[in-house]
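The values are calculated or read from the model by the stated rules, or taken from the named source; none is laboratory data. Values in this document were obtained by computation on a predicted structure and should not be read as measured data. In this analysis, Cβ positions are derived from the backbone assuming ideal geometry, glycine residues included, and neighbour counts consider all displayed protein chains.
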Amino acid sequence: MHIQDNLKNINAQLPNHVTLVAVSKTKPVSDLMEAYTAGQRIFGENKIQEMVEKHELMPKDIQWHMIGHVQRNKVKYMADFVSLIHAVDSLKLLKEINKQAKKHNRIIDCLLQIKIAKEDSKFGMSPLDAKELITSEDFSELKNVSITGVMGMATYTNDTEQIKQEFKTLKTTYDDLKTTNHSLEVISMGMSGDYQLAIDAGSTMIRVGSSIFGSRNYSN
Ligand SMILES: *Cc1c(COP(=O)(O)O)cnc(C)c1O
């Protein structure tokens with residue numbers, strides 16, 4: 001029953017405007033079902049194949065979020081059901097999502113991933129590139145994708161000041177992009193270790209895994 005307790009505790013702390021994405025990557029469907037039974041309907045996965053398999057096995061009223069880096073050649077596998085793609089970082093990827101969404105007569109919601117961490121390993125666009133993309137003619141021609149917000153990951157560090165600064169950068173970027181695109185509404189930031197800081201900095205969507213499902217074992 002730990003999963004249900006964890007969910008209850010986290011939900012009790014969340015302001016109404018913050019959406020919880022339960023990050024279930026590497027976890028078995030039985031764990032996801034426990035969260036589902038407790039009322040959770042939004043799940044985040046970082047591998048398309050794994051998300052496709054879980055989507056097939058689980059109830060159909062779940063919203064599936066792709067939170068990981070997306071390879072263009074795999075977009076087709078999730079295009080018929082994915083509800084939000086968090087980590088879009090190029091026009092090329094957006095064009096592919098648009099193409100696959102069109103085949104299913106859908107509009108797929110996407111977030112632009114902004115690089116806010118100082119670490120090199122993180123994906124994402126610069127705020128300037130995001131602005132260029134969102135105001136470009138190329139983008140305006142894509143009728144089957146909608147950019148509904150931004151996503152970012154802070155540096156993995158104990159330095160809370162640094163994390164706060166990075167989240168603040170994402171909020172500022174969002175505010176700036178919103179002046180040109182009024183349909184933005186999502187700031188996806190905050191994970192198990194830093195979601196309180198993220199909420200304080202203006203997050204509207206947190207992606208929490210280990211605090212709900214326990215730590216992950218990548219060897220299986
Ligand atoms: C794994 C993952 C999370 C959740 O991480 P936890 O620390 O387990 O909460 C959030 N966002 C992304 C992009 C992830 O890959």
Lone qualifier among Lys60, Lys8 - being without any contact (Cβ under 8 Å) to a residue 24 or more places away in the chain and out of contact with any helix residue (DSSP H, G or I) (no Cβ under 9 Å at 6 or more places or on another chain)
Lys60
Unique match (being crowded, with 21+ Cβ neighbours inside 10 Å, over 29 Å from Lys131 (Cα atoms) and over 12 Å from the mean Cα position of the chain (by Cα)) among Ala101, Ala35, Ala12:
Ala35
Hey, does the stretch 40-55 have a residue that's over 20 Å from the mean Cα position of the chain (by Cα) and surrounded by fewer than 18 Cβ atoms within 10 Å (Cβ to Cβ)?
no
Would you pick out the residues in the stretch 164-193 that are touching a helix residue (DSSP H, G or I) at 6+ places or on another chain (Cβ under 9 Å), closer than 10 Å to Thr148 by Cα and without any contact (Cβ under 8 Å) to a residue 60 or more places away in the chain?
Asn181, Leu184, Glu185, Ile187
Out of the helices (runs of 4 or more DSSP H) lying entirely within the stretch 120-220, which hold 1 or more residues that are of a type in the set (Val, Ile, Thr), modelled with pLDDT of 95 or more and more than 16 Å from the ligand (Cβ to nearest atom)?
127-134, 160-180
Among residues belonging to the stretch 106-119 that are part of a loop (DSSP other than H, G, I, E, B) and within 16 Å of the ligand (Cβ to nearest atom), point out the one that is surrounded by the most Cβ atoms within 10 Å (Cβ to Cβ).
Ile116
